[in-house]
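Notes follow the structure.
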Amino acid sequence: MLEIRDLTIAYGKHIALDRATLNVAQGTMVAILGANGAGKSSLLGAIGGRVQPTAGEIVYRGQSLLGRPAHLLVEQGIALVPEGRGIFPGLSVLDNLRLGAIAKRAATGANAQMEEVFALFPKLAQRRSQLAGTMSGGEQQMVAIGRALMSKPDLLLLDEPSLGLAPIVVKEVFAALSRIRETGLTILIVEQNARATLELADFAYLMEVGRISGAGPASQIKSDPAVVRAFLGGTLAKTR
Amino acid sequence: MLSTTLILGLVLGGTYALLALGLTLQYGIARIMNLAYGEFTLIAAFLVVASFQHLGVPPLVALPFVTIAGYGFGWLLYQVMMRPLVARSGSSGRLEVDSILATFGLLFLIQGVLLVGFGANFTSISYLDRGIDVLGVSVALNRLIAFAICVLAGGALVVALQKTRWGLIMRAVALTPGSAPLVGIDVNRVARQGFAIGSALAATAGASISMYQTFSATGGVVFTMKALVIVIMGGVGNVPGALAAGLALGLLETFVATAIDPGLTLAATFAIFLLVLLWRPQGLFGART
């Protein structure tokens with residue numbers, strides 16, 4: 001569904017991503033794991049049209065995504081939940097979700113989709129008229145994910161959904177992701193929380209300082225001793 | 001005496017509110033502080049007067065055409081002049097500085113064209129200026145019409161912004177332009193539309209004002225200043241705030257003119273402006289951070 005070939009991203013002389021190649025097959029959940037500064041967000045930013053790559057190719061359903069403005073991706077079925085969430089803090093939860101369905105592809109059945117999002121995140125239904133910016137970090141993340149689902153995406157891109165959240169809230173977010181996963185939606189997730197992500201994902205790529213250093217089915221990666229040392233050791237998670 | 005001040009003040013304030021709506025939309029949605037805004041209203045006023053004097057077109061008939069032309073003018077101006085500034089500004093605050101400088105230049109360009117086309121004399125027409133009795137106070141019909149246009153246009157805009165899908169998109173771009181592409185909104189298109197609607201409102205205000213007020217090719221800056229004062233009093237980008245502040249300013253000016261001295265109206269306007277800037281820089285009516 002999504003193919004990335006030799007993607008390189010440089011900010012001036014600093015190379016954030018060095019010839020990354022990866023594949024996301026339809027209906028799977030693929031994880032990109034790595035510490036801060038490994039180039040994960042740059043990679044997702046390039047797919048989402050927010051970062052211009054220096055070289056390489058991003059192909060989605062046989063078409064190149066390079067040079068395409070960010071606002072056109074939604075119509076093609078790609079929804080991005082960026083780091084920092086990118087919600088509309090000055091608007092109500094309901095308005096945030098309505099905006100998620102602004103795209104033409106989501107126009108029909110928006111109400112049914114809203115009910116599904118409310119079923120997934122009952123808290124959003126209770127707080128529908130609250131300003132999104134006054135909610136807690138975890139609730140805002142639910143708004144962001146809920147809004148992305150409102151566009152009825154074929155591919156969901158998640159950038160560090162657990163970042164800055166309390167452990168109990170992280171659990172809640174991953175529980176929701178697990179339910180989204182069951183609907184068969186294709187998901188590409190970038191995370192630092194390797195353990196929880198590997199529980200859900202089918203396939204994982206490991207990133208270190210701008211390079212993809214390993215890849216494999218999530219079940220294998222989980223039990224790989226080198227990976228356990230570097231990514232699942234707990235204290236090693238923060239390198240910068 | 002008090003009812004006279006109140007009614008005349010509200011009628012004057014209606015025009016001010018209409019004048020300020022366009023400016024607040026242009027700044028709130030397109031992030032362009034348009035210093036040539038008063039000149040936009042003057043172009044419309046001169047067009048209405050010229051078509052009345054030379055072609056015999058009644059100003060009320062000319063008004064919808066001038067409004068549509070204002071939309072087209074704003075659209076084109078955004079596309080030709082503002083788009084390059086927007087494109088190179090990125091997400092920084094550079095657009096605000098660049099747009100102030102660019103529209104400041106545009107002010108003199110339009111003023112020069114108006115001076116060549118219509119001369120430097122004061123212009124006025126007499127149209128529907130018979131008195132109408134409003135609760136015992138005689139108000140000129142043309143002023144009442146201008147007030148009605150303001151209430152209609154302002155009311156329609158407030159309702160559209162709050163209740164429609166279109167309004168939701170506009171508010172999303174005004175509040176958080178950085179998040180808008182994530183839901184598939186083309187920010188550039190929305191900004192162009194906001195700027196064009198602002199120009200259409202400027203033209204509508206200009207056409208309304210031309211029916212009863214004396215104006216000249218060099219007087220655009222007064223319109224810009226008054227609109228700017230109202231916009232800041234109401235809270236930048238706040239449409240209901242601009243309506244309320246416009247009405248308040250009309251009342252204040254009329255009160256000062258009748259109770260103290262007509263020469264002090266402008267001084268009173270700017271005294272209030274300074275007070276607002278010092279104590280409530282976010283505007284009198286709520287905040288937009």
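Just a few scattered comments:
- Overall form of segment A:79-200 per C-alpha gyration tensor (a/c, 1.5; a/b vs b/c): oblate
- Accessible surface, 1.4 Å probe, highest first, among residues B:114, B:6: B:6, B:114
- Rel. contact order, % - alpha carbon contacts under 8 angstrom, at least six apart, segment B:15-113: 40
- Cα shape, segment B:11-162, gyration tensor, a/c 1.5 rule: oblate
- Euclidean distance between Cα centres, segment B:209-226 to segment B:135-159, Å: 18
- Computed extension length for residue B:141-residue B:53: 29.7 nm, one decimal, from 0.36 nm per residue of separation with the Cα-Cα distance subtracted.
- Solvent accessible area, Å² - residue B:222, 1.4 Å probe, full protein context: 70
- Taken per residue, the accessible surface of chain B reaches 43 Å², heavy atoms only and a 1.4 Å probe.
- Considering only B:87, B:58, B:44, and ranking their Cα positions along the charge dipole of segment B:2-227 that arises from unit charges at the beta-carbon of Lys, Arg, Asp and Glu, the one farthest toward the positive end is B:87.
- Taken along the Cα-to-beta-carbon direction at a fixed 7 Å, the label points for residue A:68 and residue A:105 span 0.8 nm.
- Two-site label geometry, residue A:55 and residue B:124: point separation in nm, points 7 Å out along Cα→Cβ: 7.4
- Counts of other chain beta carbons within 10 angstrom of each beta carbon in peptide A:86-95 average 4.
- Neighbours of residue B:167 by Cβ distance under 14 Å: Lys/Arg scored +1, Asp/Glu scored -1, total +3.
- Computed from backbone phi with θ = phi - 60° and the Karplus coefficients 6.51, -1.76 and 1.60, the 3J(HN,Hα) list for segment B:66-76 is 5, 4, 5, 4, x, 4, x, 4, x, 4, 5 Hz; x is used for glycine and proline.
- If you take all other residues with their beta carbon under 15 Å from the beta carbon of residue A:182, and give Lys and Arg +1 and Asp and Glu -1, the sum is -1.
- Set of aspartates and glutamates with alpha-carbon distance to residue A:104 below 15 Å, sequence-local pairs under 8 removed: A:75, A:154, B:186
- Chain B: Cα Rg divided by the 2.2 N^0.38 Å rule of thumb: 0.98
- Under 5 Å between amide hydrogens, built in the peptide plane, is the criterion, and for residue B:285 it picks out B:235 among residues at least 5 positions away or on other chains.
- Residue order for B:226, A:222, A:104 - accessible surface, 1.4 angstrom probe, largest first: A:104, A:222, B:226
- Within the protein assembly as shown, the proportion of C-alpha pairs whose separation exceeds 35 Å stands at 46%.
- Area of residue A:5 that stays accessible when all protein chains are in place (1.4 Å probe, Å², to 10): 110
- For chain A, size of Cβ-based charge dipole, Lys and Arg +1, Asp and Glu -1, in debye: 300
- Nearest-ten-degree value, helix B:187-210 long axis tilted from longest Cα axis of chain B: 10
- Cα Rg over Rh - chain A, Kirkwood: 0.95
- Residues B:39, A:182, A:199, ordered by accessible area of protein heavy atoms at a 1.4 angstrom probe radius and largest first, appear as A:182, A:199, B:39.
- Based on C-alpha pairs under 8 angstrom that are at least 6 apart in sequence, segment A:130-230 has a relative contact order of 20 percent.
- In the assembled protein chains, residue A:15 presents an accessible area of approximately 90 Å² (probe radius 1.4 Å).
- Peptide A:69-75 has a mean shielding of 5, counted as Cβ atoms of other protein chains within 10 Å of each residue's Cβ.
- Euclidean distance between Cα centres, segment B:187-203 to segment B:27-48, Å: 11
- Translational D in µm²/s for segment B:146-204 (Stokes-Einstein at 37 °C, 0.692 mPa s, Kirkwood Rh from C-alpha pairs): 267
- Nonpolar atom fraction for chain B, defined as the carbon and sulfur part of the 1.4 Å probe accessible area, stands at 71 percent.
- Reported to the nearest whole Å, the Cα centre-to-centre distance from segment A:11-45 to segment A:69-125 is 24.
- Degrees, to the nearest 10: B:141-163 long Cα axis against longest axis of chain B: 20
- Computed magnitude of the charge dipole of segment B:2-227 (debye, nearest 20; Cβ of K, R +1, Cβ of D, E -1): 520
- If only the Cβ of Lys and Arg carry +1 and only the Cβ of Asp and Glu carry -1, the dipole of the protein assembly as shown around its Cα centre is close to 540 debye.
- Placing pseudo-labels 7 Å out from each Cα toward the beta carbon at residue B:101 and residue B:261 gives an inter-label distance of 4.1 nm.
- Using C-alpha pairs under 8 Å with a sequence gap of at least 6, the mean separation divided by the residue count of chain B gives a relative contact order of 40 percent.
The values are calculated or read from the model by the stated rules, or taken from the named source; none is laboratory data. Since we're looking at a predicted model, the values are computed, not measured. Here Cβ is always computed from backbone atoms with ideal geometry, including for glycine, and neighbour counts include all displayed protein chains. For the accessible areas, the whole protein counts, side chains as well, though only heavy atoms, and no ligand, DNA or RNA atoms are used. Shrake-Rupley method; radii C 1.70, N 1.55, O 1.52, S 1.80 Å.
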